Structures are given as structure tokens and as C-alpha cells.
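Working notes, structure below.
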Amino acid sequence: MSQQHRTPPAEAVETDTSGPGPGTPRKLAAVLLGLTAVVVLMLCAFALPGVNGGPHEVPIGVTGPQAAAQGFAEKLDGPEWDVTVYEDTAALTTAIQERDVAGGLALGTSGIDVYTATAGAPTATGALTALGNAAAAQQHVKATVHDLVPFPEDDARGAGLAAAGLPLVFGGIFPAVVLTRLFPGHSGLRTRFAGVVLFSLLAGLAVAGCLQYGTGSLAGNHWLTGLGLGLGMAALSMTFIGLEALAGFAGLGAGAAVMMLLGNPLSGLGSGPYWLPSGWSALGQVLPPGASGSLLRSLAFFDGTGAALPALTLAAWVALGLVLLLIADRRGAKAGRDGEARRDTAPEPHAVPA
């Protein structure tokens, strides 16, 4: 007996002919405007520091005949230079190596000696060199540049150090995201903490090795530099996992946006801290990317001179992340105890007679 296959009538076939919901255009418009605002904000964050860049209160020293040095310092007094007069060239060079000033000029009748520390402030070094050449041209003498703290020969322009800014920020974001995904919830809190600590140590040493032995961008003690980089990554990652533990991925996303849109362009990693307006420069040095850059310069090129303040800044961010984790841990433990208490006090179901 043959089977007959019947095609259902057209009206029986369900088709989704409904258009978008009443709130769809408004939601789409909000999303498009929000994405546009994010793109514009990113452009402003990365472009404005460069557009408004220039010497801002750069600390420099001047030495030479007392009257000439004092007159030169008064002439330079303004928003660009913060001038200190030193007794002699030895005092000036010591101040540069101890990071009290970014560079200086030694005035003389036969010429002007320009003392710089390119590894400490590359862009300020260029401006100071131009200043020395202009002063020498006015006196019809020659300007001689002495770079007391240069970049290594393999990377004389410091390109590797300048390019490390954004990868270091991502080095704080990626472990926070991955560890949160793999070890979620209150039960994985301690595992995420241990993972951040171990990752920061390993990644810091690895990045320092790459910059020092791979690209030739760093000098100094590799182990100390690696620990400094690890502290910078820990400051970012610990803060991110703390924010995520308290506010979920919205908190992590907000923290990552602040570090990428403010921390990275204001870090001064490629230019040094003196090329931004003073308020923006100060903000950049308070955030982990800027503090990491200052700590890295101190450890790699100045034998640790000036490392205390950025190290304390990064330690404060690590402490902030720990506090956020402890708050989240206590909140999760309390929620667990409350859940157990509700289960213990819940009435037992009565047996249904057969």
C-alpha cells in the first residue's frame, strides 16, 4: 500500500514576517553613536598628546661664569624650562646622572657644552640640544653634545622601548581575561590571584630578556629589570581581576579602557615625562603604564636611581587589586554561608502516603 505525502497548506507554514521590534531603531542608533564616540575618544587620546607635545617645565641645569649662567637662567625662565644654576660642570653632570635634571648647558667663552641623558628623556634631549645650538650660534661659538646616558648602540633611538607601551598594557589585560574565563567565580578567586603573580614574574623576565638581548633596547641588570616589568604587569592584572571580581566584566572592561585610552598615551614611554603638559604628565605617571615606564628607565639606564617613587606607585596599584579581591572574597564567602543557612532552615518535604 503506497504512502501519500501531503504538502501542508501555505497558511500552515510558519514564517517570521514580523519586522524589527519597536525599540530596535533606537537601540541601533545608541549603539552606533556609542561606537563612534569610542573611536573619536581613542583618536583624541592618542593624537592630542602628540599635538600638544613640547617641553613643559623640563628641569635642566646651567653652569659657567656666575653672571653668564644666572643671566641665561633668567632668560629661559618660563613654562618650557625649569632652570637650576650649578657651581661647576661636575655638579651638573652628577645632577643629570642622579636624575635631578634632564640635562644641562655648560657656558664658556670658547664654546658651549650640552650634557644630555637621551635614555631618560629622548624628546627633551632633542629640545635641549637645539637650545644649546641656538645659544652657541648667538655667541658665534661651537656647541658640543655629551650624551651621559645614551640608549644602547643596538637601539640608539630607543625604538624598542617606545614600542613596548601597548604590549605591556595588553600584558596586564590578557591574563586577567584568560584567568577569569578559566577559573571563574568565588571558587577560582585564589587561583586567579596565584596565576597573576606567577604570570607577572615569568612575563616580566621574558619581556626584559627580549628587550635586552633580542632588540638590544635595554641595558642594566636583566633580573632587576625583569622584576620591575613584572611589578608593572602585576599592577595592571591585579587591578583588573579585582575589578572583575567585584563588578564582573563591566568592571574589567572599564579598567582596561582607562589604561588603554589614558594610561598608554600619557605614559611618556617613548618621549619621557617632560613632553606633556604638567597636569597630563602627572596623571600619566600615577597610572601603571607611566609608572612602569619610569621604573624601567631607572632600572635599565640609571642603576636604579629614581626607582623608588614609580615602584611605590605600582605597589599601591597591586595593593588596590588585593583589597578588591579581599572584598570580593568576603562577599562570596558570605553569600555561600547565607545559602547554606537557607538550605539548613528549609522545611523537609513531607512524605506522601501511598
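Values quoted throughout were computed directly from the atomic coordinates according to the rules given, and no laboratory measurement underlies them. All values reported here derive from a predicted model rather than from experimental measurement. Ideal geometry is used to build each Cβ from the backbone, glycine not excepted, and the neighbour counts take in all protein chains shown.
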What FRET efficiency comes out for the pair LEU261/ALA206, r = Cβ-Cβ distance, R0 = 22 Å, nearest 0.05?
0.25
Length added when fully stretched, ALA254-ASP88, from 0.36 nm per residue minus Cα-Cα
54.7 nm
Relative contact order for the stretch 157-336: what percent, with Cα pairs under 8 Å and sequence separation of 6 or more?
27 percent
May I ask what percent, to the nearest 5, of DSSP beta bridges between residues of the chain are antiparallel?
25 percent
Find which of GLY160, GLY78, GLY172 sits farthest along the positive direction of the dipole of the chain, computed with +1 on the beta-carbon of Lys and Arg, -1 on that of Asp and Glu, about the Cα centre.
GLY172
Using a Förster distance of 41 angstrom, determine the FRET efficiency expected from the C-beta separation of ALA47 and GLN139, and round it to 0.05.
0.60
Tell me which residues come under 5 Å, amide H to amide H, from THR84 once H is placed; ignore anything under 5 positions away on its chain.
ILE60, GLY61, VAL62
Tell me, what HN-Hα J-couplings in whole Hz come from the Karplus equation 6.51 cos²θ - 1.76 cosθ + 1.60 at θ = phi - 60° for each residue of the stretch 163-178, using x for Gly and Pro?
7, 7, x, 5, x, 5, 5, 5, x, x, 7, 4, x, 5, 5, 5
Gap separating the Cα centres of the stretch 118-179 and the stretch 31-65, nearest whole Å
16 Å
Relative contact order, percent, of the chain when contacts are C-alpha pairs under 8 Å separated by at least 6 residues?
16 percent
Simple SL model, points at 7 angstrom along Cα→Cβ for ASP100 and ASN221; separation in nm is 2.5 nm
Once you order the gyration tensor axes a ≥ b ≥ c over the Cα atoms, which shape class does the stretch 201-282 get: rounded for a/c under 1.5, otherwise prolate or oblate by comparing a/b with b/c?
oblate
Convex hull volume per residue in cubic angstrom - Cα atoms of the stretch 16-95:
124 Å³
Quick one: TYR115, TYR86, fewest Cβ neighbours within 10 Å first, how do they rank?
TYR86, TYR115
Within the chain: Cβ-based charge dipole about Cα centre, in debye rounded to nearest 20 (Lys, Arg +1; Asp, Glu -1)
1240 debye
Any idea what the relative contact order of the stretch 106-230 is, in percent, if you count C-alpha pairs under 8 Å spaced at least 6 apart?
22 percent
Go through 273-284, 137-148 and give me the packing order, highest mean Cβ count within 10 Å leading.
273-284, 137-148
Rounded to two decimals, what ratio of Rg to Rh does the chain give with C-alpha atoms and a Kirkwood Rh?
1.22
Subtracting the Cα-Cα distance from 0.36 nm times the residue separation, let me have the gained length for ARG181 to LEU322 in nm, one decimal.
48.8 nm
Contour minus Cα-Cα span, VAL31 to THR191, at 0.36 nm per residue, comes to 54.0 nm
Among ALA282, ALA247, ALA194, which residue has its Cα furthest toward the positive end of the charge dipole of the stretch 157-336, with +1 on Lys/Arg Cβ and -1 on Asp/Glu Cβ?
ALA247
